[in-house]
Structure formats: C-alpha cells, structure tokens
Ligand SMILES: Cc1ncc(COP(=O)(O)O)c(C=O)c1O
C-alpha cells in the first residue's frame, strides 16, 4: 500500500494512501477493489456508532425529505432538540453555539472567553491540539504546527500537562480562560490527572478565569462517560465538542455551562451552516444512542484492548481511557500502520512512535481481538 504522491486535483495537505473506500457498515469498510478492512480508527474518532448506523442514517434521511437549511435567523426543530439534549447531558441550563468543526468550536470558545471576561490571555498546554485555524492554532502547544503561521493573534501561554506548579505560574488576573483536553489526542494520547483538572478548576475560580475543556476527540462516550470530565468530577465552564457528534456529518459545538456568563450578544458570532437541521437530526440520534449500555461496552472494550495492546511485541506503554488508546512503540509507528492497512486493518498514529486506536464505540470483542491479531503480525 503506497502513499499517493500527488492527486492533481487536491492541494497536498495530507499524506493520503492510495486506498479509496466506497462503502462502510459497522466497523468495516470496503474499497474500490472489493477488499474489506476492519476500521479501528473510526474516521479518527468520528464514526462513533459505526459506519452507516441505522439510527442517525434514518434520522438524516427523514430530515433530508423535510428541510435542508434555513439560516440561523430562524429556528429548526432538530437544532432546538439537539441543543436541549446536550444541555440535559451537561446537567441542565447549558447553552449551545453550533458550527461545523472542532477548530470552529475552539474559535467560538476563544471569542466567548475574551468577550465574557474582557481579558486577553489564554493558558493552554504544551503538546495540546485544538485545530488548524489561526486562533485555534495559537493555543496549540506544538511549536512545529504553530511556527510557520506566527504571529498568531491570541496571547497564549503554555503550561505542562499534569504539572500543577506550571499552571499556577501562568494563571493570573489577565487570564481569560484555561483550555485543556481532558485526554490529549493528537499530542500522543495523554490523559490529564483528576488532581490536575481540580487544580485548574481552583485556579480559574481564584482568578475569575473560565475553565474550558476541549472534548472534540475525548468527548461523547469515547472514554466511557458521556463527557470525559465526568470521570474527574471537575465541571468546566464550557466544553467544545465535534468529531463524533453526528457520526461523520460535520458539526461542532461550544456548550456553555449554566453558571457561566452568556458572553456573546446577538451579532458577536455566527456560522452560516451551524446547526444545520439534517446534521442536527443525525446528532440527536447519536446522543440518544450513547446510553449506559454503550458506555459500559466502551469501558469493557477499552480494558480488553488495553490488555491486548500491552501484550504485543514492541509495545512499551499503553495510555488512554475507554476506546481512546495510544500504544507507545519501540519503533516508528508509520510502517506498522502501513503494514496493518495492507493486511486489512485501519489504525492511526498520534506522534512518531504512538499507534492510535479510536474505533467505533460499538466495536465487538471479536473485532478487537481480530484487530490485535493483525497488529501482532505487523509488529512481530
Ligand atoms: C482535541 C481537538 N480539538 C480540536 C480539533 C480540531 O477539530 P477539526 O479537525 O474538526 O477542526 C481536533 C482534531 O483532531 C482535536 O483532536
């Protein structure tokens, strides 16, 4: 399986392989040649319920027949229902702003924090990832991704994950918000300690700053609870979600907690497609499917996959929560991903030596074992 050097009609922003998929069902994809692949990457933590899951599929189909778009000058039933569902999951009283991607949701959070506090500074974490737009990039703590685009606008300072003293040194009276991924994804799958999140909450309260969690990748059941923060019991002032929200249709959301300020007034922010009724109809079906049974499956599947990965040759450490796992290897991960693809398995990387597994939450024990057997061959 080779990396396609160039596709003339595409800008070269991705090192795309030469596999072209035509259909998917559950955890399985089929390419143009009819070959089937087990998908333990889930469109990079997006296809939470599996490909073409009947519930969001039926909801989107039905909505396509009724109404596609109205603009945000008017309400639509799916958008209002979806906002209400998210608010209930947050504990009630939360308010949503809808957009189309994770980076846009982070942008909304940055503007919201600036407006709500009137302060210029943001404290984020080294090794974090918040998106590729200029504002989201400015709080992304990986110099290689940031440097080519500097100077970037928001004044971002970077503390170290799980180092409370580094956070204490940076949060102060000019801090608008502290921005944290409860489990860092792109940076290599690094969970934040409950004590670190609690310290961030206390510092935000002390300095009247806002605490924002980026759960674009780790939210929506992926770690075994609907929001990843529920496991630490540290409630943020706002959370941003995207990826898994509509099982593959594009959507992002900034969800502001009941106790936090509105920040925005009419005209402060917007998105033409945000809250699209077809996407919101699918998203309602996704959120309704993330129930206690599915969350228990995620926890059990995560434990099985963790143990299986730890037993593979060349695996030095397994990190993560639920079905958001990274296996640190004793070698570069890229060739292992390529060998697995050749053998009919999709997994990803999160850094040079980290294999990333973020499968559909519906993956079965048998599918996990089959994926592990292919990885065993690839690593042997
Ligand atoms: C934690 C986190 N925040 C933000 C983003 C950006 O999301 P998007 O690619 O939808 O803009 C990502 C994407 O990987 C992410 O993992």
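Since every read-out is calculated from the coordinates, none of them should be taken as a lab result. Note that the coordinates shown come from a computational prediction; the quantities given were computed from them, not determined experimentally. No Cβ is skipped: glycine too gets one built from the backbone with ideal geometry, and neighbour counts run over all protein chains shown.
For the reader, a short list of remarks on this structure follows.
- Percentage relative contact order, the chain, counting C-alpha pairs under 8 Å, at least six apart: 22 percent
- Relative contact order [Cα under 8 Å, 6+ residues apart], the range 229-370, whole percent: 16 percent
- Our note on the geometry: Cα centres of the range 303-376 and the range 242-294, 30 Å apart.
- Ranked 179, 85, criterion: other C-beta atoms within 10 Å, fewest first: 85, 179
- Listed residues 106, 183, 278, most fluctuating in the chain (Gaussian network, C-alpha, under 10 Å): 278
- Each stretch of four or more DSSP H residues adds -39500 (n - 2.57); spread over every residue of the chain, this sum gives -10500 deg cm²/dmol at 222 nm.
- Ranked 37, 74, 14, criterion: other C-beta atoms within 10 Å, fewest first: 74, 14, 37
- Note on the chain: with a GNM built from Cα contacts shorter than 10 Å, the maximum mean-square fluctuation among 72, 276, 247 falls on 72.
- Among 48-54, 237-243, the peptide with the highest mean count of other Cβ atoms within 10 Å heads the list, and the full ranking is 237-243, 48-54.
- Segment residue 331-residue 163, extension gain: residue separation times 0.36 nm, minus the distance between their alpha carbons: 57.7 nm
- Evaluated at q = 0.14, 0.15 Å⁻¹, a Debye calculation over the C-alpha positions of the chain (equal weights, vacuum) places log10 I(q)/I(0) at -1.26, -1.42.
- Residues within the reach of a label modelled at residue 74 (point 7 angstrom out along Cα to beta-carbon, backbone nitrogen below 19 Å), restricted to the range 267-300, are 271-281.
- Full-extension gain in nm, residue 126 to residue 31, via 0.36 nm per residue minus C-alpha separation: 30.4 nm
- Gaussian network model of the chain, springs between alpha carbon atoms under 10 Å - residue of 130, 190, 269 with greatest fluctuation: 269
- Sequence-distant contacts, meaning Cα pairs under 8 Å at least 6 residues apart, place the relative contact order of the range 102-223 at 26 percent.
- FRET efficiency for residue 15 and residue 380, using Cβ-Cβ distance with R0 set to 22 Å, rounded to 0.05: 0.30
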